[in-house]
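The numbers here are math on the coordinates, done by the rules we state, and not lab data. A quick note: this is a predicted structure, and the numbers were derived from the prediction, not measured. In this analysis, Cβ positions are derived from the backbone assuming ideal geometry, glycine residues included, and neighbour counts consider all displayed protein chains.
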Amino acid sequence: MPKPIQVWLIALLCFFTSQVIYADNVAFYIGAHQDDWQLFMTPKAYHDIIGPDNKVVFIYTTAGDAGKGTTWWQARRAGALSSIQFAKRQKIEYVLPIPIDINNHLIPCHIIGNTRSYFMGLPDGNHGGSGFPATNHQSLEKLKTGKIDSLDALVDESQYQTRYHGWTDLVNTIRKIIEKESADETRPEGSVVNFIDPKVAKHSDHTYTGLSVEEALNNSKSRQAKFYDYAIMDMEPNVFGDDLVLKAGMFLFYNQTAFEMPNGVDKLKSKYIKWLSRQYQTHSGSVSK
């Protein structure tokens, strides 16, 4: 790994050379976990990534840690980035994050071509929102419902240590990322925010990430595209041919990269394979209310 002074020099170089991406369209994919967009919002996400006039911004609200510690969520982060590298036909390798201050929170952002990936790193809340013992049973659901008044980011570098003081702080941070990354687009109506519909979500983190995005988009000119999550398993397959191959490739690169990390993650299970041949939206393309 690079030495600390080298890390900062490289980060500064990346910051000044890659800070602005001009695009006709900006697509946001906001999810709780590092494989949500590959499983539930692809092939749409794939086509946005490879679009020549697009900027694509990924925001992950939780670390996806499942209460299993740092190496688990590091593996999932690496997997998410490798999905993008596969789509961009780039070598699968470590991408140095750039520290970006958003709403007084320093968030690691990884730039790959026309994409940016923000990892907010909040504790995984478990399926039912009860959280995990390893992270003091914290969750987005508990933050929203007032059972806890703050959430601490899970980090592997001390500079990124930050605390979100209440639900409004979280919502405002997501709003600020959207505003920042939409600032350079040439057409306000060209911004589309993709996320799992909280009304149909089957995981607490999906539900409360969706609710936070809806609140962040209040009075926004951005359009919304909302998706089903786990329920697509029981729907008719609707992803075929090249799209199916490419969607499978993005998830398999995610999984293999995560698996190869120390104490890595393996999500190659039958239900995940069933999700690959399906993508269903509940809501598409209207201006946010």
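Calculate how many DSSP beta bridges within the chain are antiparallel, expressed in % of all such bridges and rounded to the nearest 5. Each step should come with its number before you reach the end.
Details: 16 of 39 bridges.
Beta bridges within the chain, antiparallel portion: roughly 40 percent.
Dimensions of the stretch 151-273 based on its C-alpha atoms, expressed as ranges along the principal axes with the largest first, amount to 38, 38, 30 Å.
With only Lys, Arg, Asp and Glu charged, each at its Cβ (+1 for the first two, -1 for the last two), find how big the charge dipole of the stretch 25-287 is about the Cα centre; round to the nearest 20 debye.
Details: 28 positive and 30 negative charges, 59 e Å.
Magnitude of the dipole: close to 280 debye.
Of the trypsin sites (Lys or Arg not before Pro) found in the stretch 24-109, the ones in coil according to DSSP and having at most 11 other Cβ atoms within 10 Å of their Cβ are Arg89, Lys91. Averaging the sequence gap over all C-alpha pairs within less than 8 Å and six or more residues apart, then dividing by the number of residues, gives the chain a relative contact order of 24 percent.
Translational diffusion of the stretch 25-287 was estimated from the Stokes-Einstein equation, with Rh taken as the Kirkwood radius over Cα pairs; at 20 °C and 1.002 mPa s the coefficient is 118 µm²/s. Residues of the stretch 65-80 with an amide N closer than 18 Å to a point placed 7 Å from the Cα of Lys271 along the Cα-to-Cβ direction: 65-68. Note on Gln161 and Gln90: their simple-model spin labels are 3.0 nm apart, each label 7 Å out from Cα toward Cβ.
For the chain, hydrophobic long helices are taken as DSSP H runs at least 20 Å long by C-alpha position along their axis with mean Kyte-Doolittle hydropathy of -1.0 or more; these are 4-18, 70-87, 167-182, 241-260.
Could you work out the relative contact order of the stretch 52-156? I mean the mean sequence separation of Cα pairs under 8 Å and 6+ apart, divided by the number of residues, in percent.
Values: 165 pairs, mean separation 31.4, N = 105.
Reported as a whole number, the value is 30 percent.
The GluC sites (Glu not before Pro) of the stretch 117-200 that meet both conditions, a loop assignment by DSSP and at most 12 other Cβ atoms within 10 Å of the site Cβ, are Glu157.
The Rg/Rh ratio for the stretch 77-225 is 0.96, where Rg is the radius of gyration of the alpha carbons and Rh is the Kirkwood radius.
Over the Cα atoms of the stretch 24-162, the radius of gyration divided by the Kirkwood radius equals 0.97; this is the Rg/Rh ratio.
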